[in-house]
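Visitor: Before anything else, here's the structure in question.
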Amino acid sequence: MTTRTDAPTRREQILKEAARLFAERGFHGVGVDEIGAAVGISGPGLYRHFPGKDAMLAELLVGISGQLLTGAKRRLAEAEGVTSAEPLLDSLIEGHIDFALDDRPLITLHDRELDRLRDTDRKLVRQLQRQYVELWVEVVREVYPDLAEPSARSAVHSVFGLLNSTPHLGRPGSLPGRGVTAELLHRMARGAFAAAGAAAGAGAGAGA
């Protein structure tokens with residue numbers, strides 16, 4: 001997630017360019033020399049930072065899963081003492097939208113290349129993602145108490161699918177602007193949760 005304001009390190013520059021190139025041309029369509037050229041160093045010079053492309057891919061996918069989880073935990077901790085869960089849900093949505101708009105290549109990488117990770121790395125990604133989902137489920141059920149846990153989890157995954165559609169929205173320059181796009185995504189996410197909550201409430205009322 002692009003939350004830092006200080007200058008990126010060389011290692012971070014390499015990862016950013018690797019993510020862009022992998023997303024554009026596929027993992028096997030990019031050579032070490034090309035990644036090096038994108039950051040102004042020789043291909044062999046990359047080996048001072050990473051043992052190979054596999055290590056870059058693992059750090060990208062494990063790293064973003066960990067950052068999403070850490071960011072969500074931070075947002076919830078900052079809101080400690082807030083009596084309503086509504087702002088908590090809004091904060092989680094805002095955090096994920098930041099990721100979806102600012103780290104679009106990583107979404108493409110996850111969809112295309114996750115199976116290329118070693119079993120240990122892939123399992124770690126899945127573990128971090130499950131923890132991230134469960135944080136959302138807890139907040140969503142506070143906002144919409146009629147939602148059963150399985151339904152809330154399905155709603156969370158559905159909203160992730162909606163927010164993570166950003167790589168398919170066209171090139172960044174073709175979008176209406178970051179602020180407008182973020183606001184639209186936020187309204188759509190809240191609308192999806194509200195629809196799930198309303199359906200659950202109607203079902204609960206019918207069964208009363």
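Visitor: Rounded to the nearest 10 degrees, what's the angle between the helix 10-25 long axis and the longest principal axis of the chain, both from Cα atoms, 0 to 90?
Guide: That helix lies at roughly 80 degrees to the long axis.
Visitor: Same structure again: Which lysines, on any chain, are close to residue 16 with Cα under 20 Å apart, when same-chain ones fewer than 8 places away are left out?
Guide: 53
Visitor: Would you compute, from DSSP H runs of 4+ residues alone, the mean residue ellipticity of the chain at 222 nm, taking -39500 (n - 2.57) per run and dividing by the full residue count, rounded to the nearest 500? Can you show the working numbers first?
Guide: Working: 8 runs with 146 residues, N = 208.
After summing the helix terms and dividing by residue count, I get -24000 deg cm²/dmol.
Visitor: Also, I was wondering about something else. Carbon and sulfur: what percent of the chain's accessible surface (1.4 Å probe)? Don't skip to the answer; put the middle values down first.
Guide: On the way: 5930 of 11010 Å².
C and S atoms contribute 54 percent here.
Visitor: Something else about it: Determine, for each peptide in 145-158, 176-189, the mean count of other beta carbons within 10 angstrom over its residues, then list the peptides with the highest first.
Guide: Details: 145-158: 17.2, 176-189: 14.1.
Ranking the peptides 145-158, 176-189 by packing returns 145-158, 176-189.
Visitor: With a/c under 1.5 counting as rounded, go ahead and sort segment 85-143 into rounded, prolate or oblate using the C-alpha gyration tensor (a ≥ b ≥ c being the square roots of the eigenvalues; past the cut-off, prolate if a/b is larger than b/c, else oblate). Intermediate values should be presented prior to the final figure.
Guide: Details: a/c = 4.13, a/b = 1.62, b/c = 2.55.
The shape class here is oblate.
Visitor: Could you compute the FRET efficiency for residue 154 and residue 73, with r as their C-beta to C-beta distance and R0 at 30 Å, rounded to 0.05?
Guide: So, using R0 = 30 Å, E works out to roughly 0.85.
Visitor: Another question, then. To the nearest 20 debye, what charge dipole does segment 106-166 have about its Cα centre, counting +1 at the Cβ of each Lys and Arg and -1 at the Cβ of each Asp and Glu? Working shown, then result.
Guide: Values: 9 positive and 10 negative charges, 56 e Å.
Result for segment 106-166 is approximately 280 debye, rounded to the nearest 20.
Visitor: Just want the answer: with Cβ charges of +1 for Lys and Arg and -1 for Asp and Glu, which residue in 37, 23, 106 is farthest toward the dipole's positive end in the chain?
Guide: The residue sitting most towards the positive pole is 37.
Visitor: Using only Cα atoms and rounding to the nearest 10 degrees, what angle (0 to 90) does helix 149-163 make with the longest principal axis of the chain?
Guide: Once rounded, the angle reads 50 degrees.
Visitor: Now for a different question. Could you provide, to the nearest whole Å², the per residue accessible area of segment 15-114 with probe 1.4 Å?
Guide: Details: 4470 Å² over 100 residues.
Per residue, segment 15-114 has 45 Å² of solvent-accessible surface.
Visitor: For the chain, take the longest principal axis of its alpha carbons; what is the angle in degrees between that and the long axis of helix 53-78, to the nearest 10 within 0 to 90?
Guide: 30 degrees
The values are calculated or read from the model by the stated rules, or taken from the named source; none is laboratory data. Not measured: the values here are computed from a predicted model. Don't worry about glycine lacking a Cβ; one is built from the backbone with ideal geometry, like all the others, and counts go over all protein chains shown. For the accessible areas, the whole protein counts, side chains as well, though only heavy atoms, and no ligand, DNA or RNA atoms are used. Shrake-Rupley method; radii C 1.70, N 1.55, O 1.52, S 1.80 Å.
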